[in-house]
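Just below is one structure, and these are the notes that go with it.
The values are calculated or read from the model by the stated rules, or taken from the named source; none is laboratory data. Everything quoted here is computed from the prediction, not taken from an experiment. Cβ sites come from the backbone with ideal geometry, for glycine too, and all protein chains shown count toward neighbours. Just so you know, the surface numbers come from the protein's heavy atoms only, side chains and all, with ligands and any DNA or RNA stripped out. Shrake-Rupley method; radii C 1.70, N 1.55, O 1.52, S 1.80 Å.
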Amino acid sequence: MKRTETGSLSPFFPLQMTRLETLGNQTMVTEFLFSVFPPLHQGGLLFFIPLLLAYGFIITGNLVIVIVVQLDMALHTPMYFFISVLSFLEVGYTTTTIPKMLSSLVSEQKTISLAGCLLQMYFFHSLGITEGCVLTAMAIDRYVAICSPLRYPTIMTPKLCTQLTAGSCLCGFLLVLPEIAWIATLPFCGPNRIQQIFCDFTPVLSLACTDTSLVVIVDAIHAVEIVASFLAIALSYVRIIVVILGMPSAEGRRKAFSTCAAHLAVFLLFFGSVAVMYLRFSATYSVFWDTAIAVSFVILAPFLNPIIYSLRNKDMKDAIRRFFCRRRRAGGVRG
């Protein structure tokens with residue numbers, strides 16, 4: 001097996017070399033090139049700085065939520081438990097893609113190995129599916145809290161919350177495994193340019209030099225998963241809204257709407273962008289719109305989640321304030 005080098009065909013990266021392997025008479029791709037990232041001297045730095053700041057805020061904001069929920073006894077309820085799980089997942093979800101995007105913006109080598117690409121796809125989609133399942137669990141929690149408040153403590157027990165979270169993780173990390181294993185067996189013999197900001201199923205499968213018609217079945221399975229979660233959550237919130245509107249107290253209606261508004265906003269943001277991206281069927285978008293849609297659920301949704309859950313939630317704001325006050329006092333004592 002002989003290793004050779006070839007220049008990229010990308011007009012942006014005329015000097016960049018990508019690795020290929022010659023197997024018999026067929027040249028096999030061992031690296032993929034992200035062709036949508038501009039070079040550093042052609043605007044890469046303009047995208048790098050805001051993306052780095054956004055990533056720092058995503059990590060910091062979500063970790064603060066996780067830590068505060070764990071430390072503040074007032075937040076030891078099923079609702080905040082699920083919020084902390086979602087925030088923890090957001091940290092992993094963004095870390096599978098954004099660091100590679102940052103390096104591609106400032107590095108001459110805007111490539112990723114085949115194994116790295118498969119791992120990125122696996123963890124990105126596994127964590128994404130897990131998030132969808134957790135959002136479904138959160139909708140169930142709000143449904144029980146508002147529609148059956150007297151039975152809420154006996155239904156939404158810590159044991160059930162743990163089981164729902166474990167089931168979400170199991171579902172997320174097992175559903176994607178067969179598809180990744182299948183893609184790993186496909187031959188890639190060029191071209192090797194991925195027109196997306198991360199490794200995703202459609203851009204990668206379009207580069208395979210073999211029949212990938214099975215992807216239609218895979219797409220149908222993903223569509224069923226997305227639609228089933230969307231309908232379960234949507235029906236829960238429709239029922240919740242009906243119950244809230246029937247409340248005699250205006251203060252009760254306001255408080256219930258305030259509690260559910262944050263969950264509803266995250267649900268619409270996450271599933272809206274995912275649906276546009278993955279329920280397109282035969283529709284095709286330009287590279288610009290593909291990239292814009294990907295940015296909305298890879299960067300924008302995780303960026304807005306800490307803002308939605310902290311700024312719109314009085315209990316969370318109070319807990320965060322207490323957390324930083326304790327840190328400040330502890331720092332003053334040590335000083």
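Of note:
- Within the range 220-243: backbone nitrogen closer than 17 Å to the L160 label point (7 Å, Cα to C-beta): 233, 236-237, 240
- For the range 175-279: accessible area per residue (Å², 1.4 Å): 48 Å²
- The range 247-297 and the range 137-210 have Cα centres spaced 17 Å apart.
- Label separation (L231 vs L40): 5.1 nm, computed from points 7 Å beyond Cα along the C-beta direction.
- Summed side-chain charge close to I320 - residues other than I320 whose Cβ falls under 12 Å, Lys, Arg +1, Asp, Glu -1: +3
- With the helix formula -39500 (n - 2.57) applied to DSSP H stretches of n ≥ 4, the chain reaches a computed 222 nm mean residue ellipticity of -22500 deg cm²/dmol.
- When nucleic acids and ligands are ignored and a 1.4 Å probe is applied, R280 ends up with an accessible area of around 50 Å².
- Listed options for log10 I(q)/I(0) by the Debye sum over Cα atoms at q = 0.07 Å⁻¹ are [x] -0.44; [y] -0.35; [z] -0.26. The value calculated from this structure is the one marked [y].
- Database remark: amide H of R193 closer than 5 angstrom to the amide H of L33 (H placed geometrically; neighbours at sequence offset of 5 or more, or on other chains; Pro and chain starts carry no H).
- Rounded to the nearest Hz, the phi-derived 3J(HN,Hα) couplings of the range 79-92 under the Karplus curve 6.51 cos²θ - 1.76 cosθ + 1.60 (θ = phi - 60°) are 4, 6, 4, 5, 4, 5, 5, 4, 5, 4, 5, 4, 4, x, where x marks glycine and proline.
- Placing dummy labels 7 Å off each Cα toward the beta-carbon, the span from A265 to K314 is 1.7 nm.
- Whether the range 203-262 is rounded, prolate or oblate, judged on the alpha carbon gyration tensor where a/c under 1.5 counts as rounded: prolate
- Stretch gain in nm, segment L300-S113, where the contour uses 0.36 nm per residue and the Cα spacing is subtracted: 64.7 nm
- Ligands, DNA and RNA left out, the accessible area of the chain computed with a 1.4 Å probe is 70% carbon and sulfur.
- Backbone geometry of the range 138-144 corresponds, through the Karplus equation with coefficients 6.51, -1.76 and 1.60 at θ = phi - 60°, to 3J(HN,Hα) couplings of 5, 5, 4, 4, 5, 4, 5 Hz, x marking Gly and Pro.
- Those residues of the range 197-211 whose amide nitrogen sits under 17 Å from the label point placed on T185, 7 Å along Cα→Cβ: 205, 208-211
- With θ taken as phi - 60° and the Karplus curve 6.51 cos²θ - 1.76 cosθ + 1.60 applied, the whole-hertz 3J(HN,Hα) list for the range 215-230 is 4, 4, 5, 4, 4, 5, 5, 4, 4, 4, 4, 5, 5, 4, 5, 4 Hz, x standing for glycine and proline.
- Take every DSSP beta bridge whose two residues both sit in the chain; close to 85 percent of them are antiparallel.
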